[in-house]
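For reference, the structure discussed in these notes is given below.
The values are calculated or read from the model by the stated rules, or taken from the named source; none is laboratory data. Everything numeric here is computed off the predicted structure, so don't read it as measured data. Here the Cβ positions follow ideal geometry from the backbone for every residue, glycine too, while neighbour counts run over all protein chains shown. Keep in mind that these areas ignore ligands, DNA and RNA; they rest on the heavy atoms of the full protein, side chains included. Shrake-Rupley method; radii C 1.70, N 1.55, O 1.52, S 1.80 Å.
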Amino acid sequence: MDTNNTGVSVVKDLLTVLRSGEITLKGLFQVGSNYTFLVEVNAQGECLEAIYKPIQGEQPLWDFPSGTLANREVAAFLISEELGWGLVPPTVLRSGPYGQGSIQLFIDFAPDGHYFNFTDIEKEICRSVAAFDYVINNADRKGGHIVRSNDGDIWLIDHGVCFHCEEKLRTVLWDFAGERLPDYIRSDITDLAIVINSSAKLMNKLSQLLSVSEIKSLLGRATNLVASGCLPQPGLDCNYPWPML
């Protein structure tokens, strides 16, 4: 299921520009604990706006290893693509003006274009978001991290605190808590677990971004979700982020 209908060839082209293009700083976002820049990436006549999060601009966290948040942004994109859901904008890890960091395609959305203002139809798409966040163990799914682009697509941003080995799911998205997984979601996550367990290509990519124990935990969550057949309920380990937007 490709939620945003972004063709494979288009994604590859975007990734090529993001990986190889010349980066020009355009501005610094004032909101957020980590340094986040708006940049332009230019390659062979193509110009893309992107979000640059340098590793050296990351604030230390007590529960995540230092210097790993950019890696997790890229890993979230890889898992979204492996599922075929197209939820996370194209994201790469590369050197920039302030060193190594994540570069993610900029999604233009209105200030009110976030989860808390979605229509019922848009919220239905978020059933797959709830499953995705459980699988990647998203510790900070705020309403402002689920956005409607100006062309109407739903995108997920800000995945620096995901993939921890311990249960840390914190999300505003409990609308579907306890519901049975739709067949297509269960099938896609089943396929994901098989690929993680058997694909040397995917394992090689993930091993450059996550620890061995984090990859094992990722596989375990995907397997457990398929086995249970239900989305999780909030509790001591699965609760709400703050602030919620």
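How much net charge surrounds L192 when only other residues with a Cβ under 13 Å from its Cβ are counted (Lys, Arg +1; Asp, Glu -1)?
Working: positive: R186, R221; negative: E81, E82, D188, D191.
That works out to -2.
Give me the angle, in degrees from 0 to 90, between the Cα long axis of helix 212-228 and the longest principal axis of the Cα atoms of the chain, rounded to the nearest 10.
40
Taking θ as phi - 60°, what are the ³J(HN,Hα) couplings along region 163-172 by the Karplus curve (6.51, -1.76, 1.60), each to the nearest whole Hz, with x for Gly and Pro?
6, 5, 5, 8, 5, 9, 4, 10, 8, 8
What residues qualify as long-range amide H neighbours of Y240, i.e. H under 5 Å apart, gap of 5 or more or another chain, H built at 1.01 Å from N?
Amide H neighbours of Y240, under 5 Å, 5+ apart: T171.
Work out the length of the dipole vector of the chain about its Cα centre, built from +1 on the beta-carbon of each Lys and Arg and -1 on the beta-carbon of each Asp and Glu, and round it to the nearest 20 debye.
Values: 19 positive and 30 negative charges, 119 e Å.
Approximately 580 debye in magnitude.
For region 126-134, take each phi angle, set θ = phi - 60°, evaluate the Karplus expression 6.51 cos²θ - 1.76 cosθ + 1.60, and give the result in whole Hz per residue in order, putting x for glycine and proline.
Coupling constants for region 126-134: 6, 4, 6, 4, 4, 5, 4, 5, 5 Hz.
Enter the accessible area per residue of region 156-203 (Å², integer; probe 1.4 Å; all protein chains in place).
Values: 2190 Å² over 48 residues.
Each residue of region 156-203 exposes 46 Å² on average to a 1.4 Å probe.
In the Gaussian network model of the chain, springs joining C-alpha atoms below 10 Å, which of G160, G113, G178 carries the largest mean-square fluctuation?
Among G160, G113, G178, the largest mean-square fluctuation in the Gaussian network model of the chain belongs to G178.
Shape verdict for region 84-197, please, from the Cα gyration tensor: rounded (a/c under 1.5), prolate (a/b greater than b/c) or oblate. Provide the component values of the computation, followed by the final result.
Details: a/c = 1.63, a/b = 1.12, b/c = 1.46.
It is oblate, given that a/c is not under 1.5 and a/b is not larger than b/c.
Rounded, prolate or oblate for region 184-245? Axes are the square roots of the Cα gyration tensor eigenvalues, ordered a ≥ b ≥ c, and the cut-off for rounded is a/c under 1.5.
Oblate, since a/c reaches 1.5 and b/c is not below a/b.
Considering only protein heavy atoms and a 1.4 Å probe, what is the carbon-and-sulfur percentage of the accessible area of the chain? Intermediate results must be reported in sequence, preceding the final value.
Values: 6140 of 11520 Å².
Percent of accessible area from carbon and sulfur atoms in the chain: 53.
Give the accessible area for E214 in Å² (nearest 10); use a 1.4 Å probe, count only protein heavy atoms, and leave out ligands, DNA and RNA.
20
Of the residues G27, G45, G101, which exhibits the maximal mean-square fluctuation in a Gaussian network model of the chain defined by a 10 Å Cα contact cut-off?
For the chain, modelled as a Gaussian network with Cα springs under 10 Å, the answer is G45.
Compute the helix-to-body angle for 69-83: its Cα long axis versus the longest principal axis of the chain, expressed 0 to 90° and rounded to tens.
Rounded to the nearest ten degrees, it is 60.
Modelled label-to-label distance, S198 and R19, 7 Å Cα→beta-carbon offset: nm?
2.5
Given the DSSP H assignment, sum -39500 (n - 2.57) over each helix run of at least 4 residues in the chain and divide by its residue total; what's the result at 222 nm in deg cm²/dmol, nearest 500? List each step's numbers first, then the result.
Details: 6 runs with 86 residues, N = 245.
Rounded to the nearest 500, it is -11500 deg cm²/dmol.
When the chain is modelled as a GNM with alpha-carbon springs shorter than 10 Å, which of I136, I103, I185 fluctuates the most?
I185
What is the Cα centroid distance between region 4-74 and region 202-245, reported in whole angstrom?
That distance is 23 Å.
Rounded to the nearest 10 degrees, what's the angle between the helix 8-20 long axis and the longest principal axis of the chain, both from Cα atoms, 0 to 90?
Relative to the chain, helix 8-20 is tipped by roughly 50 degrees.
For an R0 of 51 angstrom, estimate the FRET efficiency from the Cβ-Cβ distance between C47 and D120 and round to the nearest 0.05.
Values: r = 37 Å, r/R0 = 0.72.
Using R0 = 51 Å, I get an efficiency of 0.90.
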